[in-house]
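The values are calculated or read from the model by the stated rules, or taken from the named source; none is laboratory data. Please read all numbers here as calculations on a predicted model, not as lab measurements. Every residue, glycine as well, gets a Cβ built from its backbone with ideal geometry; the counts of neighbours run over all protein chains shown. With ligands, DNA and RNA removed, areas are computed over all heavy atoms of the protein, side chains included. Shrake-Rupley method; radii C 1.70, N 1.55, O 1.52, S 1.80 Å.
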Amino acid sequence: MRHRIAVVGAGPAGLTFARVLHRHDHPVTVLERDPAPDARPPGGTLDLHAGLGQLALDKAGLLAEFQALSRPEGQAMRILDTDGTVLRDWRPRADDRANPEIDRGQLRDLLLGPVDVQWGRGVTQVTPGTQDGVLVHFTDGRQESFDLVVGADGAWSRTRPALSSVTPHYTGVTSVEASLDDIDTRHPDLARLIGDGSMAVYGVNRALVAQRNSGGHVRVYAQFRAPLDWHSNLDLSDVEAVRSSLLALFDGWAAPVLEPLRRVTAFVHRPLYVLPVSHTWTHVPGVTLLGDAAHLMPPLGAGANLAMLEGAELAEAVATGPGDPDTAVRAFEEVMWARANRWAKITTTGLERLVSPDPAQAVALFDQVQPS
(Lines give C-alpha, C1' and ligand atoms only; values in the text may rest on other atoms or scores of the structure.)
Protein backbone atom coordinates (compact mmCIF):
# COMPACT_ATOMS: atom_id res chain seq x y z
CA MET A 1 0.00 0.00 0.00
CA ARG A 2 1.30 3.45 -0.94
CA HIS A 3 0.78 5.98 1.83
CA ARG A 4 -0.38 9.52 1.10
CA ILE A 5 2.66 11.63 1.98
CA ALA A 6 3.05 15.41 1.78
CA VAL A 7 6.01 17.61 2.57
CA VAL A 8 5.39 21.28 3.26
CA GLY A 9 8.19 23.45 1.86
CA ALA A 10 10.40 23.14 -1.22
CA GLY A 11 13.67 24.12 0.45
CA PRO A 12 16.71 21.85 0.84
CA ALA A 13 15.02 19.65 3.46
CA GLY A 14 11.72 19.17 1.66
CA LEU A 15 13.24 18.63 -1.77
CA THR A 16 15.80 16.12 -0.47
CA PHE A 17 13.02 14.20 1.24
CA ALA A 18 10.95 14.21 -1.95
CA ARG A 19 13.90 13.33 -4.20
CA VAL A 20 14.88 10.28 -2.12
CA LEU A 21 11.26 9.10 -2.00
CA HIS A 22 11.12 9.52 -5.79
CA ARG A 23 14.26 7.40 -6.08
CA HIS A 24 12.42 4.67 -4.18
CA ASP A 25 9.40 5.03 -6.51
CA HIS A 26 7.21 6.32 -3.68
CA PRO A 27 4.80 9.16 -4.58
CA VAL A 28 4.98 12.38 -2.56
CA THR A 29 3.17 15.71 -2.73
CA VAL A 30 5.41 18.78 -2.32
CA LEU A 31 3.49 21.86 -1.16
CA GLU A 32 5.23 25.24 -1.60
CA ARG A 33 3.76 28.68 -0.96
CA ASP A 34 5.99 30.44 -3.53
CA PRO A 35 4.22 30.67 -6.90
CA ALA A 36 7.32 29.54 -8.85
CA PRO A 37 10.91 28.37 -8.26
CA ASP A 38 12.29 31.82 -9.10
CA ALA A 39 9.62 33.84 -7.30
CA ARG A 40 12.21 35.29 -4.91
CA PRO A 41 16.00 35.30 -4.62
CA PRO A 42 17.18 31.84 -3.53
CA GLY A 43 19.77 33.16 -1.06
CA GLY A 44 23.53 32.85 -0.86
CA THR A 45 25.96 29.95 -0.96
CA LEU A 46 26.09 26.78 1.16
CA ASP A 47 29.01 24.59 2.13
CA LEU A 48 27.88 20.98 2.08
CA HIS A 49 29.78 18.74 4.50
CA ALA A 50 31.04 15.32 3.47
CA GLY A 51 29.21 13.50 6.27
CA LEU A 52 26.01 15.55 6.15
CA GLY A 53 24.76 17.36 3.05
CA GLN A 54 26.94 15.40 0.66
CA LEU A 55 25.79 12.14 2.25
CA ALA A 56 22.20 13.23 1.67
CA LEU A 57 22.93 13.93 -2.00
CA ASP A 58 24.56 10.52 -2.30
CA LYS A 59 21.37 8.93 -0.95
CA ALA A 60 19.47 10.88 -3.60
CA GLY A 61 21.85 9.71 -6.35
CA LEU A 62 23.04 13.27 -7.00
CA LEU A 63 26.55 13.36 -5.56
CA ALA A 64 28.38 13.30 -8.92
CA GLU A 65 26.20 16.13 -10.27
CA PHE A 66 26.84 18.13 -7.11
CA GLN A 67 30.59 17.67 -7.45
CA ALA A 68 30.43 19.00 -11.00
CA LEU A 69 28.60 22.15 -9.85
CA SER A 70 30.30 22.83 -6.53
CA ARG A 71 33.23 25.14 -5.86
CA PRO A 72 35.97 23.53 -3.72
CA GLU A 73 37.93 26.79 -3.92
CA GLY A 74 35.04 28.42 -2.04
CA GLN A 75 36.30 26.76 1.15
CA ALA A 76 39.03 29.43 1.31
CA MET A 77 38.75 31.67 4.37
CA ARG A 78 40.55 34.93 5.12
CA ILE A 79 40.31 36.80 8.44
CA LEU A 80 41.35 40.43 8.72
CA ASP A 81 41.86 42.69 11.69
CA THR A 82 39.81 45.88 11.80
CA ASP A 83 42.91 47.78 10.64
CA GLY A 84 43.09 45.62 7.50
CA THR A 85 45.91 43.34 8.64
CA VAL A 86 45.50 39.75 7.39
CA LEU A 87 45.38 37.53 10.47
CA ARG A 88 44.59 34.19 8.80
CA ASP A 89 44.48 33.05 5.18
CA TRP A 90 43.32 29.44 4.78
CA ARG A 91 43.33 27.99 1.27
CA PRO A 92 42.05 24.51 0.44
CA ARG A 93 44.11 21.88 -1.32
CA ALA A 94 43.19 21.18 -4.92
CA ASP A 95 41.68 17.82 -3.92
CA ASP A 96 39.89 19.05 -0.79
CA ARG A 97 36.16 18.33 -1.06
CA ALA A 98 35.27 18.27 2.63
CA ASN A 99 32.99 21.34 2.46
CA PRO A 100 32.71 22.67 -1.12
CA GLU A 101 30.34 25.55 -1.79
CA ILE A 102 27.26 25.59 -4.01
CA ASP A 103 24.78 28.38 -4.64
CA ARG A 104 21.36 27.79 -3.09
CA GLY A 105 19.71 28.28 -6.46
CA GLN A 106 21.91 25.66 -8.09
CA LEU A 107 21.20 23.23 -5.25
CA ARG A 108 17.47 23.84 -5.55
CA ASP A 109 17.50 23.15 -9.28
CA LEU A 110 19.60 20.02 -8.75
CA LEU A 111 17.18 18.65 -6.18
CA LEU A 112 14.06 19.61 -8.13
CA GLY A 113 14.85 17.41 -11.13
CA PRO A 114 11.77 15.23 -11.71
CA VAL A 115 10.06 16.18 -8.42
CA ASP A 116 6.53 17.49 -8.94
CA VAL A 117 6.07 20.58 -6.77
CA GLN A 118 2.65 22.17 -6.28
CA TRP A 119 3.69 25.82 -6.45
CA GLY A 120 1.55 28.54 -4.92
CA ARG A 121 -0.02 26.25 -2.31
CA GLY A 122 0.47 28.06 0.96
CA VAL A 123 -0.34 26.06 4.09
CA THR A 124 -2.03 27.81 7.01
CA GLN A 125 -2.53 24.92 9.43
CA VAL A 126 -2.03 21.18 9.88
CA THR A 127 -4.56 19.19 11.90
CA PRO A 128 -3.63 15.62 12.89
CA GLY A 129 -5.95 12.94 14.15
CA THR A 130 -8.92 13.46 11.85
CA GLN A 131 -11.04 10.61 10.51
CA ASP A 132 -9.32 10.82 7.11
CA GLY A 133 -5.78 11.28 8.48
CA VAL A 134 -3.84 14.54 8.76
CA LEU A 135 -5.75 17.51 7.40
CA VAL A 136 -3.79 20.27 5.63
CA HIS A 137 -5.46 23.68 5.37
CA PHE A 138 -4.47 25.99 2.49
CA THR A 139 -4.52 29.76 2.09
CA ASP A 140 -7.23 29.47 -0.57
CA GLY A 141 -9.58 27.78 1.89
CA ARG A 142 -9.22 24.28 0.50
CA GLN A 143 -8.28 21.23 2.57
CA GLU A 144 -6.59 17.93 1.78
CA SER A 145 -5.87 14.79 3.84
CA PHE A 146 -2.66 12.75 4.04
CA ASP A 147 -1.33 9.81 6.03
CA LEU A 148 1.94 11.63 6.78
CA VAL A 149 2.71 15.36 6.66
CA VAL A 150 6.34 16.43 6.97
CA GLY A 151 6.88 20.05 7.92
CA ALA A 152 9.97 21.39 6.15
CA ASP A 153 8.60 24.92 6.10
CA GLY A 154 11.35 26.79 7.89
CA ALA A 155 11.71 29.05 10.90
CA TRP A 156 8.10 30.24 10.99
CA SER A 157 6.64 26.84 10.19
CA ARG A 158 2.86 26.49 9.88
CA THR A 159 3.27 22.77 10.54
CA ARG A 160 5.11 23.11 13.88
CA PRO A 161 2.04 24.17 15.96
CA ALA A 162 0.58 20.69 15.36
CA LEU A 163 3.46 19.35 17.48
CA SER A 164 4.88 22.17 19.58
CA SER A 165 3.86 25.56 20.97
CA VAL A 166 7.48 26.79 20.88
CA THR A 167 8.32 29.72 18.60
CA PRO A 168 11.71 31.17 17.58
CA HIS A 169 13.33 33.83 19.75
CA TYR A 170 15.76 36.60 18.84
CA THR A 171 19.43 35.88 19.52
CA GLY A 172 20.41 39.50 20.07
CA VAL A 173 22.41 39.45 16.83
CA THR A 174 21.21 41.16 13.67
CA SER A 175 22.54 40.63 10.15
CA VAL A 176 22.13 43.18 7.38
CA GLU A 177 22.71 41.59 3.98
CA ALA A 178 23.83 43.18 0.73
CA SER A 179 25.49 42.02 -2.49
CA LEU A 180 27.89 42.91 -5.27
CA ASP A 181 27.80 41.64 -8.86
CA ASP A 182 30.61 41.10 -11.39
CA ILE A 183 33.13 41.70 -8.65
CA ASP A 184 36.14 40.53 -10.65
CA THR A 185 35.53 43.06 -13.44
CA ARG A 186 33.72 45.89 -11.65
CA HIS A 187 35.49 45.74 -8.27
CA PRO A 188 38.85 44.00 -8.78
CA ASP A 189 40.28 45.52 -5.60
CA LEU A 190 37.51 43.93 -3.54
CA ALA A 191 37.94 40.66 -5.42
CA ARG A 192 41.58 40.59 -4.31
CA LEU A 193 40.60 41.52 -0.75
CA ILE A 194 37.99 38.75 -0.45
CA GLY A 195 39.92 36.01 -2.24
CA ASP A 196 38.37 32.81 -3.61
CA GLY A 197 36.02 32.09 -0.72
CA SER A 198 35.10 34.24 2.25
CA MET A 199 36.58 37.17 4.10
CA ALA A 200 35.65 38.12 7.66
CA VAL A 201 36.57 40.99 9.96
CA TYR A 202 35.73 40.78 13.66
CA GLY A 203 35.45 43.69 16.07
CA VAL A 204 33.80 44.30 19.43
CA ASN A 205 30.26 42.87 19.19
CA ARG A 206 30.24 43.18 15.41
CA ALA A 207 31.53 41.50 12.28
CA LEU A 208 31.70 42.10 8.55
CA VAL A 209 31.66 39.06 6.25
CA ALA A 210 31.94 38.88 2.45
CA GLN A 211 31.31 35.55 0.76
CA ARG A 212 31.73 34.60 -2.88
CA ASN A 213 28.94 32.92 -4.79
CA SER A 214 29.31 31.72 -8.36
CA GLY A 215 29.47 34.01 -11.39
CA GLY A 216 31.30 36.86 -9.67
CA HIS A 217 28.47 37.46 -7.17
CA VAL A 218 29.40 38.31 -3.57
CA ARG A 219 27.16 38.45 -0.51
CA VAL A 220 28.10 40.95 2.19
CA TYR A 221 26.86 40.63 5.77
CA ALA A 222 27.14 43.25 8.51
CA GLN A 223 26.47 41.52 11.84
CA PHE A 224 26.15 43.18 15.23
CA ARG A 225 24.55 42.87 18.65
CA ALA A 226 21.59 45.20 19.02
CA PRO A 227 17.99 45.32 20.28
CA LEU A 228 15.45 43.93 17.84
CA ASP A 229 14.08 47.43 17.30
CA TRP A 230 17.52 49.00 16.63
CA HIS A 231 16.19 50.42 13.36
CA SER A 232 13.04 52.03 14.80
CA ASN A 233 14.19 55.51 13.72
CA LEU A 234 15.62 54.31 10.41
CA ASP A 235 13.87 53.79 7.08
CA LEU A 236 15.24 50.43 5.96
CA SER A 237 14.25 51.21 2.36
CA ASP A 238 16.48 54.28 2.37
CA VAL A 239 19.77 52.81 1.13
CA GLU A 240 21.93 55.80 2.00
CA ALA A 241 20.44 56.10 5.48
CA VAL A 242 21.11 52.42 6.16
CA ARG A 243 24.63 52.73 4.77
CA SER A 244 25.37 55.72 7.01
CA SER A 245 23.98 53.90 10.04
CA LEU A 246 26.11 50.83 9.37
CA LEU A 247 29.27 52.83 8.71
CA ALA A 248 28.70 54.59 12.03
CA LEU A 249 28.43 51.21 13.75
CA PHE A 250 31.80 50.24 12.26
CA ASP A 251 33.43 53.59 12.94
CA GLY A 252 37.18 53.32 13.43
CA TRP A 253 37.64 50.36 11.10
CA ALA A 254 40.10 50.76 8.24
CA ALA A 255 38.68 52.17 5.01
CA PRO A 256 39.52 49.13 2.82
CA VAL A 257 37.57 46.65 4.95
CA LEU A 258 34.51 48.90 4.90
CA GLU A 259 34.63 49.40 1.15
CA PRO A 260 32.10 46.58 0.47
CA LEU A 261 29.50 48.47 2.51
CA ARG A 262 30.20 51.66 0.57
CA ARG A 263 29.62 50.03 -2.83
CA VAL A 264 26.51 47.88 -2.35
CA THR A 265 23.23 49.30 -3.61
CA ALA A 266 20.58 47.60 -1.42
CA PHE A 267 20.26 46.17 2.08
CA VAL A 268 18.08 43.42 3.60
CA HIS A 269 17.47 43.27 7.35
CA ARG A 270 17.83 39.73 8.75
CA PRO A 271 17.65 39.47 12.57
CA LEU A 272 18.86 36.05 13.69
CA TYR A 273 16.29 33.85 15.42
CA VAL A 274 16.68 30.38 16.95
CA LEU A 275 14.61 27.68 18.59
CA PRO A 276 15.64 26.37 22.04
CA VAL A 277 18.73 24.15 21.83
CA SER A 278 16.89 21.13 23.22
CA HIS A 279 13.65 21.55 21.26
CA THR A 280 11.66 18.30 21.04
CA TRP A 281 7.98 17.39 21.13
CA THR A 282 5.67 14.58 22.12
CA HIS A 283 5.30 12.36 19.09
CA VAL A 284 2.07 12.89 17.15
CA PRO A 285 1.13 10.17 14.62
CA GLY A 286 1.12 11.45 11.06
CA VAL A 287 3.17 14.63 11.52
CA THR A 288 6.86 15.41 11.92
CA LEU A 289 9.35 18.21 11.19
CA LEU A 290 12.67 18.65 9.39
CA GLY A 291 15.38 21.31 9.37
CA ASP A 292 14.66 24.83 10.62
CA ALA A 293 11.07 23.90 11.41
CA ALA A 294 12.43 21.40 13.96
CA HIS A 295 15.67 22.98 15.19
CA LEU A 296 16.33 26.52 13.95
CA MET A 297 19.90 27.40 14.93
CA PRO A 298 22.46 30.14 14.14
CA PRO A 299 23.46 30.16 10.43
CA LEU A 300 26.98 28.78 10.83
CA GLY A 301 27.01 26.10 8.16
CA ALA A 302 25.10 23.31 9.91
CA GLY A 303 21.41 24.04 9.29
CA ALA A 304 21.00 23.12 5.61
CA ASN A 305 23.38 20.16 5.99
CA LEU A 306 21.34 18.70 8.85
CA ALA A 307 18.06 19.42 7.08
CA MET A 308 19.12 17.59 3.93
CA LEU A 309 20.43 14.55 5.78
CA GLU A 310 17.24 14.40 7.83
CA GLY A 311 15.15 14.53 4.67
CA ALA A 312 17.15 11.72 3.09
CA GLU A 313 17.10 9.53 6.20
CA LEU A 314 13.39 9.96 6.83
CA ALA A 315 12.55 9.24 3.19
CA GLU A 316 14.65 6.07 3.22
CA ALA A 317 13.06 4.90 6.47
CA VAL A 318 9.52 5.51 5.23
CA ALA A 319 10.11 4.05 1.77
CA THR A 320 11.80 0.87 2.95
CA GLY A 321 10.01 0.28 6.25
CA PRO A 322 7.16 -2.23 6.58
CA GLY A 323 3.54 -1.16 7.03
CA ASP A 324 2.59 2.00 8.95
CA PRO A 325 5.28 4.70 8.52
CA ASP A 326 4.71 5.89 12.09
CA THR A 327 7.28 3.43 13.48
CA ALA A 328 9.89 4.84 11.10
CA VAL A 329 8.98 8.42 12.03
CA ARG A 330 9.27 7.74 15.77
CA ALA A 331 12.74 6.24 15.36
CA PHE A 332 13.81 9.06 13.04
CA GLU A 333 12.75 11.75 15.53
CA GLU A 334 14.90 10.26 18.28
CA VAL A 335 17.98 10.29 16.03
CA MET A 336 17.22 13.79 14.73
CA TRP A 337 16.74 15.27 18.20
CA ALA A 338 20.05 13.93 19.52
CA ARG A 339 22.06 15.08 16.49
CA ALA A 340 20.35 18.47 16.28
CA ASN A 341 20.94 19.06 19.99
CA ARG A 342 24.69 18.58 19.52
CA TRP A 343 24.82 20.96 16.55
CA ALA A 344 22.59 23.55 18.20
CA LYS A 345 25.00 23.72 21.13
CA ILE A 346 27.97 24.07 18.75
CA THR A 347 26.38 26.82 16.64
CA THR A 348 25.00 28.72 19.63
CA THR A 349 28.44 28.79 21.21
CA GLY A 350 29.91 29.70 17.83
CA LEU A 351 27.67 32.75 17.41
CA GLU A 352 28.53 33.89 20.93
CA ARG A 353 32.22 33.78 20.04
CA LEU A 354 31.97 35.23 16.53
CA VAL A 355 29.99 38.31 17.59
CA SER A 356 31.40 38.95 21.03
CA PRO A 357 33.12 41.62 23.14
CA ASP A 358 36.43 39.83 22.47
CA PRO A 359 37.26 39.58 18.74
CA ALA A 360 40.11 37.18 19.53
CA GLN A 361 37.45 34.58 20.37
CA ALA A 362 36.36 34.56 16.71
CA VAL A 363 39.87 33.95 15.43
CA ALA A 364 40.43 31.21 18.02
CA LEU A 365 37.21 29.51 16.93
CA PHE A 366 38.38 29.38 13.33
CA ASP A 367 41.75 28.09 14.44
CA GLN A 368 39.92 25.11 15.96
CA VAL A 369 37.95 24.19 12.83
CA GLN A 370 40.30 25.12 9.99
CA PRO A 371 43.14 22.80 8.93
CA SER A 372 46.53 23.84 10.24
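Here are the numbers for the structure shown:
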quantity	calculated
16 Å cut-off, amide nitrogen to a point 7 angstrom out along Ala254 Cα→Cβ, residues in the range 162-203	189-195, 199-203
Cβ-defined net charge surrounding Ala98, 15 Å radius [Lys, Arg +1; Asp, Glu -1]	-2
Rg [Å, one decimal], Dmax [Å, integer] - the range 97-205, C-alpha atoms	21.1, 64
Note, ³J(HN,Hα) from phi for the range 3-8, Karplus 6.51, -1.76, 1.60, rounded to Hz, x at Gly and Pro	7, 7, 10, 10, 10, 9
Fluctuation leader among Val242, Val335, Val115 - the chain, Gaussian network, Cα springs under 10 angstrom	Val335
Within the range 111-149: backbone nitrogen closer than 12 Å to the Ala331 label point (7 Å, Cα to C-beta)	none
Inter-site label distance for Trp230 and Ser278 at 7 Å from Cα along Cβ, in nm	3.0
Within the range 244-372: Cβ-based charge dipole about Cα centre, in debye rounded to nearest 20 (Lys, Arg +1; Asp, Glu -1)	400
Value of relative contact order over the chain, rounded to a whole percent, pairs C-alpha under 8 Å and six or more apart	23
Euclidean distance between Cα centres, the range 85-145 to the range 269-305, Å	13
Calculated FRET efficiency for the pair Ser214/Leu112, C-beta based, R₀ 25 Å, to 0.05	0.90
Residue with peak Gaussian network fluctuation, the chain [Cα springs, cutoff 10 Å], from Gln143, Gln54, Gln75	Gln143
Sum of -39500 (n - 2.57) over DSSP H runs of 4+, divided by residues of the chain (222 nm, nearest 500)	-10000 deg cm²/dmol
GNM flexibility winner over the chain from Thr174, Thr29, Thr282 (Cα, springs under 10 Å)	Thr282
Within the range 142-268: Cβ-based charge dipole about Cα centre, in debye rounded to nearest 20 (Lys, Arg +1; Asp, Glu -1)	220
For Asn205, residues with placed amide H under 5 Å, excluding near neighbours	Ser356, Asp358
3J(HN,Hα) from dihedral phi, the range 303-319, Karplus parametrisation 6.51/-1.76/1.60, rounded to Hz, x for glycine, proline	x, 5, 4, 5, 4, 5, 5, 4, x, 5, 5, 5, 4, 4, 5, 6, 6
Total formal charge among the other residues, if their Cβ is under 12 angstrom from that of Arg23, Lys/Arg +1 and Asp/Glu -1	-1
Average projected area [Cα convex hull, the range 153-216], square nanometres	6.6
Rounded D (µm²/s) - the range 214-352, Kirkwood Rh over Cα pairs, Stokes-Einstein at 4 °C, 1.567 mPa s	71
Backbone HN-Hα couplings from phi across the range 113-122 [Karplus 6.51/-1.76/1.60, Hz, Gly and Pro as x]	x, x, 5, 8, 9, 8, 6, x, 10, x
Ordering of 149-155, 301-307 by packing [mean C-beta count within 10 Å, highest first]	149-155, 301-307
Positive-end extreme of charge dipole, the chain - chosen from Ser244, Leu110, Thr185 (charges on Cβ)	Ser244
Solvent-accessible heavy-atom area per residue, rounded to whole Å², over the chain at 1.4 Å	44
Charge tally in the Cβ shell below 12 Å around His3, where Lys, Arg are +1 and Asp, Glu are -1, His3 excluded	-1
Sulfur and carbon atoms: percent of accessible area, the chain [1.4 Å]	50
Angle between the chain longest axis and helix 326-354 axis [Cα atoms, degrees, rounded to 10]	10
Test item: Cα-centred dipole of the chain, Lys/Arg +1 and Asp/Glu -1 on Cβ, debye	260
Lys/Arg +1, Asp/Glu -1 at C-beta; the chain dipole; positive extreme among Met336, Ser356, Leu306	Ser356
Rough spin-label spacing in nm, given labels placed 7 Å along Cα→Cβ, for Ala338 and Arg88	3.1
